[in-house]
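None of the figures in this text is laboratory data; all of them are computed from the coordinates on show. What you see is a predicted model, and the numbers here were worked out from it, not measured in a lab. Cβ sites come from the backbone with ideal geometry, for glycine too, and all protein chains shown count toward neighbours.
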Amino acid sequence: MKRVIIGLSGGVDSSVAAYLLKEQGYEVIGLFMKNWHDDSVTISNECPWLDDSNDAMLVAEKLGIPFQTVDLSEQYKERIVDYMFHEYKKGRTPNPDVLCNREIKFDVFMNIALELGADYVATGHYCRKGTIQNEGQETYQLLAGVDGNKDQSYFLCQLSQKQLAKSLFPIGELTKPEVREIAAKLDLVTAEKKDSQGLCFIGKVKLPDFLQQQLKPKEGIIVEIPKEQEIYNYVKTEFESEEDKLRYLSRKVDYKIDQGKIVGKHQGAHYFTKGQRKGLGVGGTVEPLFVIDTNVNENVIYAGQGKEHPGLLKRALFITNEELHWVREDLTLKVDETMQVQARIRYRQQLENATLYKVDSGLYIEFENFQSAIAEGQFAAWYLNKELIGSGVIS
């Protein structure tokens, strides 16, 4: 009997995943990860991790599997929270969920599980694992979940072959309604429980409140850049090389205060991200205002009216070699090689046709269509058919 340690989060997905593993004949052990101690930054006075760990324990009791809690808050603070503060300080927008999977669930947690004699680690993610023979060796595939509405492969885009080898995703073949139905039939306490919102495992966190712990509020100005600004009128069409063209398409516009008008104030440019609409507190515009850029050094937010503002739209992005990751190492591109893929720049975004171009310093992704609010610090992930093969941090 192979031993599987499952991360029981106190939600319906991991509860049903644990049940399915037991049905498949595995020896299943439930482990709850406690990743946070500081209750001062959750939205309400409820204590989410306590409720969640209780629910996880009740599910384990009902399924008749051993259960324990592991405290990973020290590693979580070091690897996730400190990284987030560092990124926001630089004016980038990190994705804590992707990092939590790479650094905590499939690294720290996985190592604990293997020390406890586990053959595999399982989670309640909506994705699938495939295995193919590649020159006599097993290569693991990270496949999209069957439920297109819930597919969570994007959140696992930084996993390695070594991590995938030891991973199981029991609910990847199911849809969310099917998962809830199984939980209801089993009369699990989590059957009707709402999906968790907020940072991976911290609970319902208000991001500005959370960031204010380390990044102090500092008043600055909001500058509205009109669509007609002449920086958008000049379109370069002649290029010396393909790389020259891609550099141009992925360039960052260097905005200046005198290119627009001051329309409001804010409490810190590092609390805002490109494409954000809420929280600007500026009314009286014909179309809603969106953040088109932030300058954290000068503490200025640049905004533009409407979803189609040229400051929001771009056709290409760049990823440095240091932040480039191939799930399928065998498909890694060499310099000057290209690949037709489908890609996304955020979770739940429809996959878009794109071309990868490998250059000396990293990788360009050129999209067929304009993309809105490509944010530095977020992850871009690319797919062949339903398989996620690589990802990287947008530079």
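222 nm [θ] for the chain, helices only, -39500 (n - 2.57) per DSSP H run of 4+, per residue, to 500?
-5500 deg cm²/dmol, from helical runs alone.
Can you give the FRET efficiency for D336 and E138, using 1/(1 + (r/R0)^6), R0 = 30 Å, r = Cβ-Cβ distance, to the nearest 0.05?
0.50
Pull up the DSSP beta bridges for the chain and report the antiparallel fraction as a percent, rounded to 5.
Percent antiparallel among DSSP bridges in the chain is about 75.
Which Cα, out of L363, S391, L331, lies furthest along the positive dipole direction of segment 313-393 (beta carbon charges, K/R +1, D/E -1)?
S391
Given 0.36 nm per residue, what is the gain on full extension from H86 to E329 after removing their alpha carbon distance, in nm?
Details: separation 243, 0.36 × 243 = 87.48 nm, distance 2.90 nm.
Gain on extension, H86 to E329, equals 84.6 nm.
How would segment 109-159 be classified by its alpha-carbon gyration tensor: rounded, prolate or oblate, with rounded meaning a/c under 1.5 and the a/b versus b/c comparison settling the rest?
Cα axes put segment 109-159 in the oblate bin.
Identify, among V341, W36, Q24, the residue whose Cα sits farthest towards the positive end of the charge dipole of the chain, taking +1 on the Cβ of Lys and Arg and -1 on the Cβ of Asp and Glu, with the dipole about the Cα centre.
The Cα lying farthest towards the positive end belongs to W36.
In whole percent, what relative contact order does segment 313-393 give with Cα contacts below 8 Å and a gap of six or more residues?
Rounded, it is 40 percent for segment 313-393.
Please give the net charge around E387, taking every other residue with its beta carbon less than 11 angstrom from that of E387, where Lys and Arg add +1 and Asp and Glu add -1.
That sum, taken over residues with Cβ under 11 Å, equals +4.
Rank T285, T93, T320 by mean-square fluctuation in a GNM of the chain with C-alpha springs under 10 angstrom and give only the top-ranked residue.
Highest fluctuation among the options: T285.
Compare the peptides 119-128, 67-76 by average per-residue count of other Cβ atoms within 10 angstrom and give them in order, highest first.
Details: 119-128: 22.3, 67-76: 16.8.
Result, highest mean first: 119-128, 67-76.
Where the centroid of each part is defined by its Cα atoms, how far is segment 325-345 from segment 244-300 in Å?
Using only Cα atoms to place each centre, the spacing works out to 31 Å.
Could you order the peptides 16-23, 294-301 from most to least packed, using the average number of other C-beta atoms within 10 Å per residue?
Top of the packing list down: 16-23, 294-301.
With both bridge residues required to lie in segment 220-305, what share of the DSSP beta bridges run antiparallel, to the nearest 5%?
Restricted to segment 220-305, the bridges split so that about 75 percent are antiparallel.
Within a Cβ distance under 12 Å of K265, other residues only, what is the Lys/Arg minus Asp/Glu net charge? Let's see the in-between values first.
On the way: positive: K218; negative: E219.
That sum, taken over residues with Cβ under 12 Å, equals 0.
Compute the signed sum of charges (Lys and Arg +1, Asp and Glu -1) over the other residues within less than 13 Å, Cβ to Cβ, of T93.
+1
When the scattering of segment 313-393 is computed by the Debye formula from its Cα atoms alone, each counted once and equally, what is log10 I(q)/I(0) at q = 0.13, 0.19, 0.27 Å⁻¹?
-0.33, -0.74, -1.65
What is the list of residues in segment 359-395 whose amide nitrogen lies under 20 Å from a point 7 angstrom out from the Cα of T320, following Cα to Cβ?
Once the point is set 7 Å along Cα→Cβ of T320, 359-366, 374-381, 391-395 turn out to lie under 20 Å by backbone N, inside segment 359-395.
Any idea what the dipole of segment 210-319 comes to, in debye rounded to 20, about its Cα centre with Lys/Arg Cβ at +1 and Asp/Glu Cβ at -1?
The dipole magnitude comes to about 500 debye.
Roughly how many nanometres apart are two label points built 7 Å out from the Cα toward the Cβ at Q68 and L186?
Each label point is offset 7 Å from its Cα along the Cβ direction, giving 2.2 nm.
Going by average Cβ density within 10 Å per residue, which order do the peptides 254-263, 149-158, 223-232, 364-373 take, highest to lowest?
Details: 254-263: 13.7, 149-158: 22.2, 223-232: 15.7, 364-373: 18.2.
In decreasing order of mean packing, 254-263, 149-158, 223-232, 364-373 become 149-158, 364-373, 223-232, 254-263.
Out of V121, Y88, G11, whose Cα points farthest toward the positive end of the dipole of segment 3-211 (charges: +1 Lys, Arg; -1 Asp, Glu; placed on Cβ)?
My answer, from the dipole projection, is Y88.
Indicate the gyration tensor shape class of segment 3-211 (rounded, prolate or oblate), computed on the Cα atoms with a ≥ b ≥ c the square roots of the eigenvalues: a/c under 1.5 is rounded; otherwise a/b larger than b/c is prolate and the rest oblate.
Judged from the Cα gyration tensor, segment 3-211 comes out oblate (a/c at least 1.5, b/c at or above a/b).
Using DSSP to call loops (not H, G, I, E or B), can you name the GluC sites (Glu not before Pro) in segment 91-189 whose Cβ has at most 15 other Cβ atoms within 10 angstrom?
On the way: sites: E103, E115, E135, E138, E173, E178, E181; in loops: E135, E173.
Answer by residue number: E135, E173.
Report the per residue volume, in Å³, of the convex hull enclosing the C-alpha atoms of the chain.
Expressed per residue, the convex hull around the Cα atoms of the chain is 151 Å³.
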